[in-house]
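*Asks:* Okay, here's the structure, questions in a sec.
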Amino acid sequence: MAGPEFEVPKLTEYTDVPKIKEGSMAHVRSFPAAEVTQTFLGYPWKLTDDWHDRAINRMGELLGKYRSLRVFMDACVHCGACTDKCHYFLGTADPKNMPVARQDLMRQVYRRYFTLPGKIAPWLVGARDLTPEVLDDWYSYYHQCSECRRCSVYCPYGIDTAEITMAGREILNTVGMGLKYLSEILTKVQKIGNNLGLPGPALEDTLLGLEEDIEADTGVAVKMPLDVKGAEILLVTPSADFFSEPHVESLIGYAKVFHAAGASWTLSSKASEAGNFGLFNGSYEQMRTIAMSIRDAALELGVKRIIVGECGHAWRVAYSFWNTLTGIGFGGDDPFSIELQQQLDPRYKQPMHICEYTWDLIQQGRLKFDKSANDDRVVTFHDSCNVARGSRMGDEPGGQFTIPRSIIMAVVNNFHDMAAETIGEGTFCCGGGGGVLTDDLIELRVKGALPRMNAFNNVVQSDKVNFLALICAICKAQFTKVLPYYGFDRSMVGGVHQLVSTAIKLD
Ligand code: SF4
Ligand code: SF4
């Protein structure tokens with residue numbers, strides 16, 4: 001690994017509020033999107049001549065469509081409770097990474113064009129014209145937010161900066177200032193079927209290779225079925241699970257769980273991506289287009305259940321949006337949604353998270369484990385933002401926190417949580433979520449990981465923790481990249497179902 005061209009923050013016992021360094025992250029700008037991908041997505045690819053009016057019109061449309069956005073623009077009283085809650089501010093000290101400052105980038109423009117006082121006396125109400133400089137700040141700082149929603153937990157009004165960031169990115173795209181990373185992934189998933197651009201035949205080869213590996217390892221013929229019509233369960237998982245490390249270890253874990261339960265299941269080459277980056281761009285149209293491939297696959301295969309693999313934002317989209325976007329669950333009322341609702345088995349949650357599925361089986365006594373197989377591991381668990389603050393699991397409040405931990409404790413002997421204020425609802429982001437998982441933002445990613453790295457280091461020191469368990473594909477990719485910057489080995493990162501895979505007993 002080449003040495004970083006920035007200073008990696010020092011690990012400390014507590015993550016202190018830093019002394020402000022004005023403009024310290026102004027130089028961090030991700031690569032702009034290219035013509036070919038933006039054109040495919042229906043956006044201009046360079047700043048349009050009429051950018052000013054376009055931006056204001058689009059903002060007006062979004063304010064009209066999403067009442068929450070208008071409430072967030074009006075409600076802030078600048079109490080300051082959110083200022084020290086963002087991992088990017090804590091790691092970079094740039095005051096524009098304070099959540100309220102990030103919001104104000106849009107709020108000032110909102111006041112100028114959409115409120116009477118801002119139109120009459122802008123200087124009195126902190127209103128500001130939309131200028132090229134303001135737009136540049138939007139581009140920088142709306143791509144320095146991982147849409148993690150931690151700040152909203154501490155805001156007395158529940159103002160969700162993530163939603164403002166999404167609106168900011170959608171407006172930027174509308175005027176021709178899209179982000180390369182997001183634009184490429186959104187294009188790949190719609191053209192090829194998954195974020196990694198893995199075509200169907202390559203997926204089939206990968207699954208066959210994994211079946212051979214599992215049999216060589218365990219002596220048991222665990223299958224990874226693909227496109228099986230009439231299977232009961234459709235598993236939709238992030239494409240990283242098919243060949244990235246450590247993600248693939250969790251895919252092996254899911255397959256072993258299905259095998260041990262005697263389940264009829266399949267993957268789909270048409271729905272080979274659970275991830276949905278339409279969420280990150282604030283485009284509900286893109287989000288729906290991507291989610292539709294899952295509905296199409298479910299209808300075509302005739303499955304009765306849909307289960308989602310380890311991926312934070314994918315689970316949030318599945319849990320919170322699939323029903324109205326696609327009719328998976330209840331909500332959609334078009335003929336295909338109704339057909340799907342009649343097809344899916346109402347006795348089960350639709351969709352269901354793989355952790356809910358595995359935990360149900362454990363509670364029924366249908367899985368057997370040898371916990372000692374994980375005895376070389378001392379495990380802690382990182383709550384991923386979109387699971388923690390954007391979804392739930394199980395039937396009890398907080399199931400998204402207890403279920404993954406219950407699974408871990410069923411399969412390992414050594415588990416230690418990180419400090420209470422850094423997990424659960426107040427969990428710190430990995431630093432790479434929300435569409436910033438690109439190497440041109442590595443400085444942001446490393447610095448933004450500081451609060452989580454401090455908490456992790458504390459349990460490494462105090463309890464000899466050597467394994468950071470996760471249920472998010474983005475967190476896995478982020479931590480395997482960032483851990484070495486802080487002196488940890490990347491092999492310390494892995495999925496919850498990787499632990500299940502190690503301990504499960506197969507016939
Ligand atoms: S949503 Fe997360 S990344 Fe964005 S401002 Fe709030 S705390 Fe920071
Ligand atoms: S906590 Fe809420 S009301 Fe207070 S400054 Fe932050 S966004 Fe505004």
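*Asks:* Please count how many residues of the range 136-160 are closer than 20 Å to GLY424 by Cα, polar (S, T, N, Q) and surrounded by 24 or more Cβ atoms within 10 Å (Cβ to Cβ).
*Replies:* The total comes to 1.
*Asks:* Now a separate question. It is to be established whether one or more residues within the range 448-462 are in contact with a strand residue (DSSP E or B) (Cβ under 6 Å, 6 or more places away or on another chain) and either among the aliphatic types (A, V, I, L, M) or within 17 Å of SER146 (Cβ to Cβ) (or both).
*Replies:* Yes, there is a match, as at least one residue in the range 448-462 is in contact with a strand residue (DSSP E or B) (Cβ under 6 Å, 6 or more places away or on another chain) and either among the aliphatic types (A, V, I, L, M) or within 17 Å of SER146 (Cβ to Cβ) (or both).
*Asks:* Then there is this: I'd like to know if the range 187-209 contains one or more residues that are under 22 Å from LEU444 (Cα atoms), more than 13 Å from ligand 1 (Cβ to nearest atom) and among the aliphatic types (A, V, I, L, M).
*Replies:* Taking every residue of the range 187-209 in turn, none turns out to be under 22 Å from LEU444 (Cα atoms), more than 13 Å from ligand 1 (Cβ to nearest atom) and among the aliphatic types (A, V, I, L, M).
*Asks:* Filtering the range 138-157 down to residues that are over 19 Å from the mean Cα position of the chain (by Cα) and under 21 Å from TYR110 (Cα atoms), which residue is farthest from ligand 1 (Cβ to nearest atom)? Break it down into steps so the answer makes sense when it comes.
*Replies:* Step one: list which residues in the range 138-157 are over 19 Å from the mean Cα position of the chain (by Cα), which gives 138-140, 154-157.
With under 21 Å from TYR110 (Cα atoms) added as a condition, the list becomes 138-140, 155, 157.
On the way: TRP138: 14, TYR139: 15, SER140: 13, CYS155: 9, TYR157: 14 Å.
Checking each candidate, the answer is TYR139.
*Asks:* Have a look at VAL220, VAL236, VAL257 and point out the one that is of a type in the set (Val, Ile, Thr), at pLDDT 95 or above and within 20 Å of the chain's Cα centre (by Cα). Spell out the reasoning first.
*Replies:* Details: VAL220 fails: within 20 Å of the chain's Cα centre (by Cα); VAL257 fails: within 20 Å of the chain's Cα centre (by Cα).
Sole residue among the options that is of a type in the set (Val, Ile, Thr), at pLDDT 95 or above and within 20 Å of the chain's Cα centre (by Cα): VAL236.
*Asks:* Would you point out the residue of the range 110-158, among those that are in contact with a Cys (Cβ under 6 Å, 6 or more places away or on another chain) and more than 28 Å from SER30 (Cα to Cα), that is nearest to ligand 2 (Cβ to nearest atom)? It would help to see each step written out before you state the result.
*Replies:* Let us first name the residues in the range 110-158 that are in contact with a Cys (Cβ under 6 Å, 6 or more places away or on another chain), namely 146, 148, 151, 154-155.
From what is left, the residues that are more than 28 Å from SER30 (Cα to Cα) are 154-155.
Numbers: TYR154: 6, CYS155: 3 Å.
Ranking the qualifying residues of the range 110-158, first place goes to CYS155.
*Asks:* Identify, from the list THR83, THR39, THR48, the residue that is surrounded by 13 or more Cβ atoms within 10 Å (Cβ to Cβ), in contact with a Gly (Cβ under 7 Å, 6 or more places away or on another chain) and assigned by TED's automatic domain parsing to the domain that holds ALA162. Give the steps one after another, and end with the answer.
*Replies:* Details: THR83 fails: in contact with a Gly (Cβ under 7 Å, 6 or more places away or on another chain); THR39 fails: in contact with a Gly (Cβ under 7 Å, 6 or more places away or on another chain).
Only one candidate passes the filter, namely THR48.
*Asks:* Has the range 111-133 got any residue that is in contact (Cβ under 8 Å) with a residue 24 or more places away in the chain and in contact with a Lys or Arg (Cβ under 6 Å, 6 or more places away or on another chain)?
*Replies:* no
*Asks:* Under 6 Å between Cβ atoms, at least 6 apart or on separate chains: pull out the pairs that start in the range 290-301 with a residue that is assigned by TED's automatic domain parsing to the domain that holds GLY329 and end on any residue that is surrounded by fewer than 22 Cβ atoms within 10 Å (Cβ to Cβ).
*Replies:* SER293/LYS270; ALA297/LYS270; LEU301/LYS229
*Asks:* Another question, if that's okay. How many of the residues making up the range 483-507 are without any contact (Cβ under 8 Å) to a residue 60 or more places away in the chain and in contact with a Lys or Arg (Cβ under 6 Å, 6 or more places away or on another chain)?
*Replies:* Count: 1.
*Asks:* Does GLY365 satisfy being outside any helix (DSSP H, G or I), at pLDDT 95 or above and at positive phi?
*Replies:* The answer is yes for GLY365.
*Asks:* For MET59, state whether it is away from ligand 1 (no atom under 16 Å from the Cβ) and modelled with pLDDT of 95 or more.
*Replies:* Against the criterion (away from ligand 1 (no atom under 16 Å from the Cβ) and modelled with pLDDT of 95 or more), MET59 qualifies.
*Asks:* Which of (1) under 22 Å from the mean Cα position of the chain (by Cα); (2) part of a helix (DSSP H, G or I); (3) modelled with pLDDT of 95 or more is the odd one out, the single condition GLU310 does not satisfy?
*Replies:* (2)
*Asks:* Outside the structural domain of GLU443 (by TED's automatic domain parsing) and more than 15 Å from ligand 1 (Cβ to nearest atom): is that true of ILE164 in this structure?
*Replies:* No.
*Asks:* Could you go through the range 3-23 and let me know if any residue there is assigned to a loop (DSSP other than H, G, I, E, B) and polar (S, T, N, Q). Write out each step before concluding.
*Replies:* Initially, the range 3-23 is screened for residues assigned to a loop (DSSP other than H, G, I, E, B), giving 3-23.
Restricting the remaining residues to those that are polar (S, T, N, Q) gives 12, 15.
Yes, because at least one residue in the range 3-23 is assigned to a loop (DSSP other than H, G, I, E, B) and polar (S, T, N, Q).
Okay, residues lined up against (1) crowded, with 24+ Cβ neighbours inside 10 Å; (2) of a type outside the set (A, V, I, L, M); (3) not in a helix (DSSP H, G or I):
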position: PHE428; (1), (2), (3): yes, yes, yes
position: GLY431; (1), (2), (3): yes, yes, yes
position: VAL436; (1), (2), (3): yes, no, yes
position: LYS481; (1), (2), (3): no, yes, no
position: TYR485; (1), (2), (3): no, yes, no
position: LEU499; (1), (2), (3): yes, no, no
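*Asks:* Right, something else. Which residues, counting only those in the range 212-247, are closer than 25 Å to ALA314 by Cα, surrounded by fewer than 24 Cβ atoms within 10 Å (Cβ to Cβ) and of a type in the set (Asp, Glu)?
*Replies:* Listed by number, the residues that qualify are ASP227, GLU232, GLU245.
*Asks:* Of everything in the range 30-42, what is touching a Leu at 6+ places or on another chain (Cβ under 9 Å) and either closer than 22 Å to CYS145 by Cα or free of Cβ contacts under 8 Å to residues at least 60 places away in the same chain (or both)? Give them in sequence order. Working first, answer last.
*Replies:* Pass one, the range 30-42, residues touching a Leu at 6+ places or on another chain (Cβ under 9 Å): 30-33, 37, 40-41.
If the condition is that a residue be touching a Leu at 6+ places or on another chain (Cβ under 9 Å) and either closer than 22 Å to CYS145 by Cα or free of Cβ contacts under 8 Å to residues at least 60 places away in the same chain (or both), then SER30, PHE31, PRO32, ALA33 are the ones that fit.
*Asks:* I'd like to know if the range 99-109 contains one or more residues that are surrounded by 14 or more Cβ atoms within 10 Å (Cβ to Cβ), more than 15 Å from ligand 1 (Cβ to nearest atom) and at pLDDT 95 or above. Spell out the reasoning first.
*Replies:* From the range 99-109, those surrounded by 14 or more Cβ atoms within 10 Å (Cβ to Cβ) are 99-109; that's our starting set.
Filter once more, keeping what is more than 15 Å from ligand 1 (Cβ to nearest atom): 108-109.
Retained after the next criterion (residues that are at pLDDT 95 or above): 108-109.
Looking for residues that are surrounded by 14 or more Cβ atoms within 10 Å (Cβ to Cβ), more than 15 Å from ligand 1 (Cβ to nearest atom) and at pLDDT 95 or above, one finds at least one in the range 99-109, hence yes.
*Asks:* Checking ASP84 against (1) under 26 Å from LEU11 (Cβ atoms); (2) of a type in the set (D, E, K, R); (3) part of a helix (DSSP H, G or I), which single condition isn't satisfied?
*Replies:* All conditions pass for ASP84, except number (3).
*Asks:* Determine whether THR380 is surrounded by 22 or more Cβ atoms within 10 Å (Cβ to Cβ) and under 25 Å from ASP16 (Cβ atoms). Even if it seems obvious, please write down each step before you answer.
*Replies:* Values: surrounded by 22 or more Cβ atoms within 10 Å (Cβ to Cβ): yes; under 25 Å from ASP16 (Cβ atoms): yes.
Answer is yes for this residue.
*Asks:* Follow-up question, since we're still on this one. Here is a list: ARG316, ARG305. Which entry is under 20 Å from GLN341 (Cβ atoms) and of a type in the set (D, E, K, R)? Before you say what the answer is, go through the steps one by one.
*Replies:* Values: ARG316 fails: under 20 Å from GLN341 (Cβ atoms).
The conditions single out ARG305.
*Asks:* While we're looking at this one, here's another question. Regarding ARG452, is this residue surrounded by 23 or more Cβ atoms within 10 Å (Cβ to Cβ) and closer than 14 Å to PHE381 by Cα?
*Replies:* Numbers: surrounded by 23 or more Cβ atoms within 10 Å (Cβ to Cβ): yes; closer than 14 Å to PHE381 by Cα: yes.
Yes.
*Asks:* Look through the range 313-323, keep the residues that are at pLDDT 95 or above and of a type in the set (Gly, Ala, Ser), and return whichever of them is nearest to GLN498 (Cα to Cα).
*Replies:* The selected residue is ALA314.
The values are calculated or read from the model by the stated rules, or taken from the named source; none is laboratory data. Worth saying up front: this structure is predicted, and the values here are computed from it rather than measured. With ideal geometry, Cβ positions are generated from the backbone for all residues, glycine too; neighbour counts draw on all protein chains shown.
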